[in-house]
Every structure is written in structure tokens, then in C-alpha cells.
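Take a look at the structure set out below.
The values are calculated or read from the model by the stated rules, or taken from the named source; none is laboratory data. Since the structure is predicted, the reported quantities are computational estimates derived from the model, not experimental observations. Using ideal geometry, Cβ is built from the backbone for each residue, glycine included, and neighbour counts are taken over all protein chains shown.
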């Protein structure tokens, strides 16, 4: 909203090649985009569970809003829906799909 870039930080342990000592370095964490701007100039947002995009309603996996103010209201609405358990079925489906990818390895 203020026009600043959001850059969460993470710590990584690196070994100094010259001395061989280990030290922690703070690096910016990579944030994969979960939003995009449509051809009409509107902001589209998808809700993810891990790498799986949740289907918010039948055949729809994203929400389109006109501007940043509407985006904040929409994210608050999605948060309330998640806390109320309205997306539990979609989260269970996503969880099972992701879990099935790890079986047998």
C-alpha cells in the first residue's frame, strides 16, 4: 500500500572459503508470486496450500479485485472463511493430493 517492497529475510549458514569458518548470513527470502494483473488491469489473487492452488468455488481458483484497497478487504474475507472452516474440504483435497506425491519414494 505504501509502495515499499516486501522482502522477508532468512538466515543461511555459509562456509568461508579462505578460513573454513561457518557463519550465518541474512539473505532475502524468495517469495513466489501468488497474484498477477489481468489484461483489464485488475489484480487477481489465488489461495494456495503449499504448491497447490485451492478452488474457491466450482471452477474458480482466483479472485479478481479492482485495486489494492479491495484486495485487502478480499484477503480479510478469505481469512474469515478459512477460520470458519469454509475451505476445509478444499484444503483436505489439496493436502491429500500433495501427500500422494510423496508416497512410494
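Kindly indicate whether any position in segment 18-31 is free of Cβ contacts under 8 Å to residues at least 60 places away in the same chain and under 12 Å from the mean Cα position of the chain (by Cα).
yes
Identify, by number, the condition in (1) part of a helix (DSSP H, G or I); (2) under 15 Å from the mean Cα position of the chain (by Cα) that residue 44 doesn't meet.
(1)
Report, by residue number, each residue of segment 54-68 that is free of Cβ contacts under 8 Å to residues at least 24 places away in the same chain and under 17 Å from residue 36 (Cα atoms).
Scanning segment 54-68 gives 60, 61, 62, 63, 65.
Among the residues of segment 30-41, which ones are assigned to a loop (DSSP other than H, G, I, E, B) and within 26 Å of residue 7 (Cβ to Cβ)?
Result: 30, 31, 32, 33, 34, 38, 41.
How many residues does segment 25-52 contain that are surrounded by 15 or more Cβ atoms within 10 Å (Cβ to Cβ) and within 29 Å of residue 96 (Cα to Cα)?
6
For the structure I just gave you, tell me whether residue 76 is within 22 Å of residue 6 (Cα to Cα), in a helix (DSSP H, G or I) and free of Cβ contacts under 8 Å to residues at least 12 places away in the same chain.
In short, yes.
Kindly provide the set of residues from segment 78-90 that are under 20 Å from residue 36 (Cα atoms) and modelled with pLDDT of 90 or more, ordered by number.
79
Test residue 55 against the criterion of being part of a loop (DSSP other than H, G, I, E, B), surrounded by 10 or more Cβ atoms within 10 Å (Cβ to Cβ) and under 15 Å from the mean Cα position of the chain (by Cα), and give yes or no.
Spelling it out, residue 55 is indeed part of a loop (DSSP other than H, G, I, E, B), surrounded by 10 or more Cβ atoms within 10 Å (Cβ to Cβ) and under 15 Å from the mean Cα position of the chain (by Cα).
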